[in-house]
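**Q** A single structure is presented below for examination.
The values are calculated or read from the model by the stated rules, or taken from the named source; none is laboratory data. These numbers come from a predicted model, not from an experiment. Positions of Cβ are generated from backbone atoms using ideal geometry, with glycine treated the same way; all protein chains shown enter the neighbour counts. Only protein heavy atoms, including side chains, enter the accessible area calculation; ligands, DNA and RNA are left aside. Shrake-Rupley method; radii C 1.70, N 1.55, O 1.52, S 1.80 Å.
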Amino acid sequence: MKNKSLVSITDYSKEEYLRILALAQEFELRPNQILLKDKVVATLFFEPSTRTRLSFESAVLKLGGRVIGFSDSNSSSVTKGETLYDTIRIVANYCDLIVMRHPLEGAARFASELTTVPVVNAGDGANQHPTQTLLDLYSIYKTQGKLDDLTIFMVGDLKYGRTVHSLLMAMSQFRTTFYFVSPDELKMPEEYKYFLNCLGLKYYEQKEFGRNIETADIIYMTRVQKERFSDPIEYERTKNAYVLKNKMLEDTRETMRVLHPLPRVNEIDQDVDANPKAYYFTQALNGVYVRQAIIASILGLK
Amino acid sequence: MLHMKDKKLEVSAIENGTVIDHIPATALFKVISILSLDKLDRQITFGTNLISKKLGKKAIIKLSDTFFIDKEINKIALVAPQAKLNIIRNYRVVEKKIVEVPEEIIGIVKCMNPKCITNNERIITKFRVVSKKDVKLKCHYCEKITDQEHIEII
């Protein structure tokens, strides 16, 4: 993995996922390890994402490295009309690793081909956000003690949600059974179901949220956004059907955990937060350890 | 009967070169652009809207003293999957070939995703062919699919 860019979740093999998770565990036990003493990491955020940027910067600082960069394109030369090509060629001279978020899809892949400095994709439009997927994997592993043979409920916007697509790709290597819970307008795209069929994995599609919920090991919630609906009336009809309430967790397994990539709006009722099965805030903390693991591994320090 | 006679006349009209037959009439100009025939200085004859049982209306291109390597000519399979090539030497057809969609398409097709980086910076597009029969191209950059219906030649 040394010097290998991480652009798409499919860039890593199953063994590499497991290696990152093992390293993350090590960083969770000892978060402050000065491995990046003379290293500079550039965080280039062409569109703002405070949560992701702070998580990356925290990971670098805990490793003793230094951070340069910008937090949105208004404070960079992009506003002067500089191409991504030029920005990357220049910034590559100043750092050992580039972390970038960009509104256009494929931007991180393009950047990774312009320089020998490794690139970590922190989100390219609706396409990929692989460090989110790895932290989801880590959260699943930590709460279930394993990744194999689990049942995952994916709930909400399964059509446009990039996190559920990447998580599906990654978990498909661990004999997962999937339940896709969504309104008709936001169903899991055919290509992903075709992919699971090819692997012989089981999946079930349903509109009702509560059905079979007692079989779940993980409930992965996503936001249902109004602008995704072609028919506003359909949105009004369905918006409350995919809200998780504490009462719904009564019959679920003791070990079941609720995950959400955050930010949430109203799809998880606040009455769930106090339930020990609510895991989404810890999930965000796991992000720092996982990003430490990814950075250390790419820079060949672990 | 008339068009059969025409076709024969056209095919036999070159001494050495390549005849590309069974191009859908609507794809003729795309084929010209894919093979950069507009930049070729050899004698070329185009025929279009010829009657074809298979395609309805077809086009044909005759190129004197021009021969293609497979990799080059296979690019036209994207727009003319049923195209047939006749290699002519000394007025005779010495070889017939069909085209096959290649595994990878570089720099010919525009990605149909408007939010793809390739539509916003100067980048040579690149696709992996994920389905050949009903052509589906997966963009190397944005990872979205461009299907047969939406293939636009750059």
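**Q** Hey, what's the per residue convex hull volume over the C-alpha atoms of the stretch B:1-128, in cubic angstrom?
**A** Spread over its residues, the Cα hull of the stretch B:1-128 gives 113 Å³ apiece.
**Q** Additional query: With a cut-off of 20 Å, note down the residues of the stretch A:111-129 whose backbone N falls inside the zone around a label point 7 Å from the Cα of A:Ser75 toward its beta carbon.
**A** Answer for this model: A:122-123.
**Q** I need the fraction of alpha carbon pairs in the protein assembly as shown separated by more than 30 Å, rounded to a whole percent.
**A** Beyond 30 Å sits 55 percent of the P(r) for the protein assembly as shown.
**Q** Among B:Ile123, B:Leu28, B:Phe68, flag the residue with its Cα farthest along the positive direction of the charge dipole of chain B, charges on Cβ as +1 for Lys/Arg and -1 for Asp/Glu.
**A** Highest projection toward the positive end goes to B:Leu28.
**Q** Got a number for carbon plus sulfur as a percent of the protein assembly as shown's accessible area, 1.4 Å probe?
**A** It is 50 percent, rounded to a whole number.
**Q** Something else about it: Taking the full set of protein chains and a 1.4 angstrom probe, give the accessible area of A:Asp124 in square angstrom, rounded to the nearest 10.
**A** Estimated to the nearest 10 Å², A:Asp124 gives 0 Å².
**Q** Separate question: If you take the accessible area of B alone plus A alone and subtract the pair, what total do you get in square angstrom, rounded to 100, with a 1.4 Å probe?
**A** 1200 Å²
**Q** Now a separate question. My understanding is that a pair violates if its Cα-Cα distance is over 31 Å; which of B:Lys39/B:Lys97; A:Lys37/B:Lys115; A:Lys193/B:Lys96; A:Lys4/A:Lys277 do that in this structure?
**A** As for pairs spanning more than 31 Å Cα to Cα, those are A:Lys37/B:Lys115; A:Lys193/B:Lys96; A:Lys4/A:Lys277.
**Q** Further, regarding this structure: Compute the separation of the alpha-carbon centres of the stretch A:207-242 and the stretch B:84-148 and state it in Å as a whole number.
**A** Centre-to-centre (Cα) distance: 39 Å.
**Q** For chain B, with every protein chain kept in place, what is the accessible area per residue (1.4 Å probe, Å²)?
**A** Here the per-residue accessible area is 59 Å².
**Q** Now for a separate question. Could you name the aspartates and glutamates whose alpha carbon sits less than 20 Å from that of A:Lys187, not counting residues in the same chain fewer than 8 places away?
**A** Hits, sequence-local ones excluded: A:Asp157, A:Glu205, A:Glu208, A:Glu227, A:Asp231, A:Glu234, A:Glu236, A:Glu267, B:Glu143.
**Q** Moving to a separate point now. How much length would be gained if the chain were fully extended between A:Glu82 and A:Glu113, taking 0.36 nm per residue of separation minus their Cα-Cα distance, in nm to one decimal?
**A** Computed gain between A:Glu82 and A:Glu113 is 9.4 nm.
**Q** Then there's this: I need the per residue convex hull volume for the stretch A:161-302, using only the alpha carbons, in cubic angstrom as a whole number.
**A** Roughly 143 Å³ of hull volume per residue.
**Q** Between A:Lys187 and B:Thr26, what is the FRET efficiency for a Förster distance of 41 Å, r being their Cβ-Cβ separation, to the nearest 0.05?
**A** Result of the calculation: an efficiency of 0.75.
**Q** Give me a comma-separated list of calculated 3J(HN,Hα) values for the stretch B:134-145, in order, Karplus coefficients 6.51, -1.76, 1.60 applied at θ = phi - 60°, integers in Hz, x for any Gly or Pro.
**A** Residue by residue, the stretch B:134-145 yields 9, 4, 10, 10, 9, 5, 5, 8, 8, 6, 8, 8 Hz.
**Q** Given the stretch A:128-230, what whole percent of its Cα pairs are spread farther than 20 Å?
**A** That tail contains 34 percent of the Cα-Cα pairs.
**Q** Taking H as built 1.01 Å from N, whose amide H comes closer than 5 Å to the amide H of A:Thr177, not counting residues under 5 places away?
**A** Under 5 Å from the amide H of A:Thr177: A:Leu150, A:Thr151, A:Ile152.
**Q** From Cα pairs below 8 angstrom and at least 6 apart in sequence, can you work out the relative contact order of the stretch A:142-239, rounded to a whole percent?
**A** It rounds to 37 percent for the stretch A:142-239.
**Q** Please give the charge dipole size of chain B, origin at the Cα centre, charges +1 on K and R Cβ atoms and -1 on D and E Cβ atoms. Round to the nearest 20 debye.
**A** Roughly 380 debye for chain B.
**Q** Something else about it: Using Cα atoms only, what is the angle between the long axis of helix A:50-62 and the major principal axis of chain A, expressed in degrees (0 to 90) to the nearest 10?
**A** 50 degrees
**Q** Right, another one. If you bin every alpha carbon distance in the stretch B:93-154 into 10 Å steps from zero, what whole percent lands in each bin?
**A** Cα pair-distance distribution for the stretch B:93-154, in percent: 23, 52, 16, 8, 2.
**Q** Any idea what diffusion coefficient the stretch A:1-67 gets from Stokes-Einstein, in µm²/s, Kirkwood Rh on alpha carbon pairs, 10 °C, 1.306 mPa s?
**A** In µm²/s, the coefficient rounds to 118.
**Q** Of the GluC sites (Glu not before Pro) in the stretch A:173-251, which ones lie in a loop per DSSP and count no more than 13 other C-beta atoms within 10 Å?
**A** The qualifying sites are A:Glu208, A:Glu250.
**Q** Peptides B:88-97, B:139-148, A:14-23: what's the order by average Cβ count within 10 Å, highest mean first?
**A** Result, highest mean first: B:139-148, A:14-23, B:88-97.
**Q** Springs between alpha-carbon atoms under 10 Å, Gaussian network over chain A: tell me which of A:Gly81, A:Gly145, A:Gly200 tops the mean-square fluctuations.
**A** Of the options given, A:Gly81 has the highest mean-square fluctuation.
**Q** Only four residue types carry charge here, +1 at the Cβ of Lys and Arg and -1 at the Cβ of Asp and Glu. Report the dipole size of the protein assembly as shown about the Cα centre in Debye, rounded to the nearest 20.
**A** Once rounded to the nearest 20, the dipole reads 1080 debye.
**Q** With no solvent and one equal point scatterer per Cα, compute the Debye intensity ratio I(q)/I(0) for the stretch A:104-157 at 0.13, 0.26, 0.29, 0.30 Å⁻¹ and report its log10, rounded to two decimals.
**A** Listed by q, the Debye log ratios stand at -0.49, -1.00, -1.11, -1.15.
**Q** Please express the shape of the stretch A:1-132 as an equivalent ellipsoid: the semi-axes are the square roots of 5 times the eigenvalues of the C-alpha gyration tensor, given largest first in whole angstrom.
**A** 24, 17, 14
**Q** Relative to the first principal axis of the alpha-carbon coordinates of chain B, what is the inclination of helix B:2-11, with its axis defined by its Cα atoms, in degrees from 0 to 90 and to the nearest 10?
**A** 80 degrees
**Q** Follow-up. In Å², and per residue, what accessible area does the stretch A:20-113 have when probed at 1.4 Å with the other protein chains present?
**A** Dividing the accessible area of the stretch A:20-113 by its residue count gives 46 Å².
**Q** Okay, moving on. Hey, what number do you get for chain A at 222 nm if only DSSP H runs of n ≥ 4 count, each worth -39500 (n - 2.57), divided across all residues, to the nearest 500?
**A** Taking each H run of at least 4 residues, the total per residue is -10500 deg cm²/dmol.
**Q** What accessible area per residue, rounded to a whole number of Å², is obtained for the stretch A:173-235 using a probe radius of 1.4 Å?
**A** 53 Å²
**Q** Can you find, among A:Tyr192, B:Val109, B:Gln82, the residue sitting farthest towards the positive end of the charge dipole of the protein assembly as shown, where Lys and Arg contribute +1 and Asp and Glu -1 at Cβ?
**A** Comparing the listed Cα positions along the dipole, B:Gln82 ranks first.
**Q** A further question on this structure: Can you tell which of A:Pro276, A:Met169, A:Ser297 lies farthest toward the positive end of the dipole of the stretch A:158-302, using +1 and -1 charges on the Cβ of basic and acidic side chains (Lys, Arg; Asp, Glu)?
**A** Looking along the dipole axis, the top candidate is A:Ser297.
**Q** Give the calculated FRET efficiency between A:Leu29 and A:Phe281 to the nearest 0.05, with a Förster radius of 22 Å applied to their Cβ-Cβ distance.
**A** Result of the calculation: an efficiency of 0.65.
**Q** I've got another one for you. Output the residues of the stretch B:135-152 meeting this criterion: accessible area (heavy atoms, 1.4 Å probe) in the chain alone minus accessible area with all protein chains in place is 10 Å² or greater.
**A** Buried by the other chains: B:His140, B:Tyr141, B:Cys142, B:Glu143, B:Lys144, B:Ile145.
**Q** Now a separate question. Please compute the contact order of the stretch B:30-106 in relative form: average sequence separation of alpha-carbon pairs under 8 Å and at least six residues apart, divided by the residue count, as a percent.
**A** It comes to 24 percent, rounded to a whole number.
**Q** Enumerate the residues in the stretch A:242-282 having an amide nitrogen under 17 Å from the point lying 7 Å beyond the Cα of A:Asn212 toward its Cβ.
**A** What the label zone holds, given the 17 Å backbone N cut-off, is A:252-253.
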